[in-house]
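The values are calculated or read from the model by the stated rules, or taken from the named source; none is laboratory data. What you see is a predicted model, and the numbers here were worked out from it, not measured in a lab. A quick note on method: Cβ atoms are made from the backbone with ideal geometry, for glycine too, and the neighbour counts reach across all protein chains shown. Side chains are part of the model used for accessible areas, which takes the heavy atoms of the whole protein and leaves out ligands, DNA and RNA. Shrake-Rupley method; radii C 1.70, N 1.55, O 1.52, S 1.80 Å.
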Amino acid sequence: MELRHLKYFNAVASTLSFSRAAELLHIAQPPLSRQIRQLEEMLGVELIDRASRPIALTMAGKFFYEQTLQVLSRLEQIEEGTRVIARGQQHWFNIGFVPSALYGLLPEMIKRFRTEMPEIEIGFSEIVTMEQVEALKSGRIDVGFGRLPISDPDIVCETIVEEPLVAVFPLGHPLLARNKVTLAQLAAQRFILYPARPRPSYADQVLDIFSSRALRPSIVKEANEMQTAIGLVAAGVGVTLVPRSVQGLHRSDVVYRPLSNKGVHSPVIMNFRANDRSLLLERLRATAATIARLHAQEYT
């Protein structure tokens, strides 16, 4: 499937007329009809009911039309944004992040950064920590936020904050009678580990926390997403550990408890290219440091 197929179909779907669409596209009607037929053959579905008068979209055609509108609209935005940046009117800065970072300081940091640098167009990409290395080196992102240290001489890893971990329990769990719980108590529970993949990940960080204290959790389930893990906790499948900032979700079907063990943290790490001396990166680092100091006070 090529871009022209989407543009041709969009013209036909919006006018419900092959002849009118051909006029708008400045092509003859027979080639247009062939292109639409080719598109239908590639998809293996009929998009247009040609027996109808006037022609009409099938159910599949209506769905495909809605999707192509979004794709083509996004392409127009990309084209215009590229021209603006090329004219020097705007700068582009792309931030990669792991999902759990969005519950802590990252949203606040980005909001302040955008306020301080309104002329900057900021892009966002959800990328796991280990994939941020390639994304940084290839230029797909300018900075990444993760929770695992990266061992690469071309990448600088700057710890922004050490975020405490808290335990998550289902309603009515016996350990909720305590104000704080221990890792030993958690290890004796049915434990839900996440993410199951890719590895290494936050999951290995949690396992290391237990093993450093000669503990081994009884893992009953591995989930790919943190939200899935919390949902399984709510269902009574087991318990889990999450960064403290996740409590901001205010779910009514689970209860969080702090740990009595000292030094049980998960870092939020800013990753960037070692040779990057850009002003934008320096401004973001300064903003991150300011926000991190505020959050660090909350964790002490």
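If you average the alpha carbon positions of the stretch 150-211 and of the stretch 33-49, how far apart do those two centres end up, in angstrom?
For the stretch 150-211 versus the stretch 33-49, the Cα centre distance is 51 Å.
Considering the Cα positions of the stretch 89-232, please state its Rg to one decimal place and its Dmax as a whole number of Å.
Gyration radius and largest Cα-Cα distance of the stretch 89-232: 18.1, 60 Å.
Would you work out what percent of the accessible area of the stretch 96-246, with all protein chains in place, is carbon or sulfur (probe 1.4 Å)? The partial results should precede the final answer.
On the way: 3500 of 6920 Å².
That share works out to 51 percent.
Using the C-alpha gyration tensor of the stretch 93-140, what are the square roots of 5 times its eigenvalues, in whole angstrom, with the largest one first? Write out the running numbers ahead of the final one.
Numbers: eigenvalues 80, 45, 7 Å².
Output for the stretch 93-140: semi-axes of 20, 15, 6 Å.
Would you grab the residues whose amide H sits under 5 Å from the one on Leu57? Only those 5+ places off in sequence or on another chain, please, with H modelled 1.01 Å from N.
Correct list: Asp49.
Taking every DSSP beta bridge that has both residues in the chain, what percent is antiparallel when rounded to the nearest 5?
60 percent
Could you provide, to the nearest whole Å², the per residue accessible area of the stretch 1-155 with probe 1.4 Å?
57 Å²
Once the Cα gyration tensor of the chain is found, what semi-axes does its equivalent ellipsoid get, as square roots of 5 times the eigenvalues, in whole Å, sorted largest first?
Semi-axes from the Cα gyration tensor: 48, 28, 16 Å.
Which whole-number percentage describes the relative contact order of the chain, with Cα contacts under 8 Å and a sequence gap of 6 or more?
Dividing the mean separation by the residue count of the chain yields 20 percent.
Please find, in a Gaussian network model of the chain (springs between Cα atoms separated by less than 10 Å), the residue of Gly104, Gly123, Gly248 whose mean-square fluctuation is greatest.
Of Gly104, Gly123, Gly248, the most mobile in the Gaussian network model is Gly248.
Compare Leu25, Leu75, Leu102 in a GNM of the chain, Cα atoms joined below 10 Å, and give the one with the largest fluctuation.
Highest fluctuation of the listed residues: Leu25.
Run through the DSSP bridge list for the stretch 163-300 and note the antiparallel percent, rounded to the nearest 5.
65 percent
Please give the peptides 211-218, 59-66, 190-197, 33-40 ranked by average Cβ packing (other Cβ atoms within 10 Å per residue), highest first, as a rough proxy for protection.
The packing order, highest mean first, is 190-197, 33-40, 59-66, 211-218.
Name the helices (complete DSSP H segments) of the chain with a Cα length along the long axis of 24 Å or more and a Kyte-Doolittle mean of at least 0.0, or state none.
279-299
Over the Cα atoms of the stretch 141-216, each weighted equally, I'd like the Debye log10 I(q)/I(0) at q = 0.12, 0.18, 0.22, 0.28 Å⁻¹, rounded to two decimals.
Results for the stretch 141-216 at q = 0.12, 0.18, 0.22, 0.28 Å⁻¹ read -0.48, -0.91, -1.17, -1.47.
For the stretch 195-250, just list the percent of Cα-Cα distances falling in each 5 Å bin from zero outward, please.
Bins of 5 Å from zero give 4, 16, 27, 27, 19, 6, 0 percent of pairs.
Can you give me the long-range amide H partners of Ile219? Hydrogens built in the peptide plane at 1.01 Å from N, cutoff under 5 Å, separation of 5 or more residues or another chain.
Excluding prolines and chain starts, which carry no amide H, the hits are Phe191.
Aspartates and glutamates within cross-link reach of Lys262: Cα-Cα under 13 Å, excluding same-chain residues under 8 positions apart?
Glu162, Glu163
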